[in-house]
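Read through the structure below, which is laid out as structure tokens, and then see the notes.
The values are calculated or read from the model by the stated rules, or taken from the named source; none is laboratory data. None of these values were measured; they are calculated from a predicted model. As a convention, Cβ positions derive from the backbone with ideal geometry for all residues, glycine included, and neighbour counts pool all protein chains shown. These accessible areas exclude ligands, DNA and RNA; they are computed on the full protein's heavy atoms, side chains included. Shrake-Rupley method; radii C 1.70, N 1.55, O 1.52, S 1.80 Å.
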Amino acid sequence: MKKTILVTGGSDGIGKEICESLARKGYLVVNLDKKNFFKKNILFLKTDLSSHKSIDGSFKKIIKISKNLYGLVNNAGISISNDFIKYSLNDWKKTFDVNLNAPFYLSQIFSKFLIKKKIKGAIVNISSIGGNLAFPKNTAYTASKAALKHLTKSMALDLSKYNIRVNSISPGYTEGGMNVASWKNKKLRSARSKRSMLNRWAKKDEIANVVIFLLSQNSSFITATNINVDGGWTSKGI
């Protein structure tokens, strides 16, 4: 029986690449997103990740589809840009609902299922270099991604007694997805490439490969760890 991996925000960008890479590795993937995307070994469940009721409804369907749940990738994220002084409370709440509250709630009900079934599983949270560094006009996004990194550590500690591992990844600038506009702008693309030690952007599969590693038994002694997949961006000086 194929192990089942849940992926949020799997219809575009990094999330889509994660879904496809996992499917190629032989996992059954369930994509939780508003936008439809499915193919062989990838099922789609329309889910509003800002609503715990929608998450509940999708999870009830998931456990009817597969009892062999193993992994969860909290990938979905939104970014609403505005200057701090002008940032609305509504946009702040909306960002935290998707970027932090959804990973918390979905991880909780997912973990309860694993514990009940005595399954050793793994959770991977997709944070960002924005969780390490300040970026302009991105208050809620950077704050929520920083919080997600620390939520990862707290979850890892509390879930360790159930043999559930929890890790996070902080991608740097990556081709496609949320970064389409800046990728198409040659000036911005070049400037951001130069901030990386490797002088380029990440390819989506380079993020997905780390997710697969953290879900696999090759990382069986790794938990509560954040991996920067940023080409050295957050370590680079002058």
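Measuring from label point to label point, each 7 Å out along Cα→Cβ, what is the SER235 to LYS93 span in nm?
4.2
Any chance you could run the full-extension gain for PHE213 through HIS52? It's 0.36 nm times the residue separation minus the Cα-Cα distance, nm to one decimal.
55.1 nm
Would you mind checking which residues have amide H under 5 Å from VAL166's amide H? H placed 1.01 Å from N; only 5 or more apart, or other chain.
ILE123, ALA224
Calculate how many DSSP beta bridges within the range 1-160 are antiparallel, expressed in % of all such bridges and rounded to the nearest 5.
Antiparallel bridges make up about 5 percent of those DSSP assigns within the range 1-160.
Per-residue HN-Hα couplings for the range 90-95, Karplus 6.51 cos²θ - 1.76 cosθ + 1.60 at θ = phi - 60°, whole Hz, x for Gly and Pro?
5, 5, 4, 5, 4, 5
Please get the size of the charge dipole for the range 96-192, origin at its Cα centre, with Cβ charges of +1 on Lys and Arg and -1 on Asp and Glu, quoted in debye to the nearest 20.
Dipole size: approximately 220 debye.
Can you pull the Kirkwood radius for the chain, inverse mean 1/r over Cα pairs, to one decimal in Å?
18.0
Within the range 91-231, what whole-number % of the accessible surface is contributed by carbon and sulfur, with the 1.4 Å probe and all protein chains included in the calculation?
Looking at the range 91-231 in its full context, I get 55 percent from C and S.
Indicate the gyration tensor shape class of the range 1-81 (rounded, prolate or oblate), computed on the Cα atoms with a ≥ b ≥ c the square roots of the eigenvalues: a/c under 1.5 is rounded; otherwise a/b larger than b/c is prolate and the rest oblate.
Cα axes put the range 1-81 in the oblate bin.
When averaged across all projection directions, what area in nm² does the alpha-carbon convex hull of the range 59-179 cover?
8.2
Treating only the Cβ of Lys, Arg, Asp and Glu as charged (+1, +1, -1, -1), what charge dipole size does the range 82-139 show about its Cα centre? Round to the nearest 20 debye.
With only Lys, Arg, Asp and Glu charged at Cβ, the dipole is about 460 debye.
Tabulate in residue order the Karplus-calculated ³J(HN,Hα) for the range 70-81, using 6.51 cos²θ - 1.76 cosθ + 1.60 with θ = phi - 60°, rounded to whole Hz; enter x for Gly and Pro.
Values, residue by residue: 9, x, 9, 10, 8, 9, 4, x, 10, 9, 10, 8 Hz.
Counting only heavy atoms of the protein chains, get the accessible area per residue of the chain (1.4 Å probe) and round it to a whole Å² value.
On a per-residue basis, the chain sits at 51 Å².
What does the charge add up to near LEU45, with Lys and Arg as +1, Asp and Glu as -1, over the other residues with Cβ less than 13 Å from its Cβ?
+3
Scan around VAL30 for amide H atoms under 5 Å from its own, H built in the peptide plane at 1.01 Å from N, and keep only partners 5 or more places away or cross-chain.
ILE5, LEU6, VAL7, LEU43
Alpha carbon centre of the range 182-213 versus the range 1-36: separation in Å?
21
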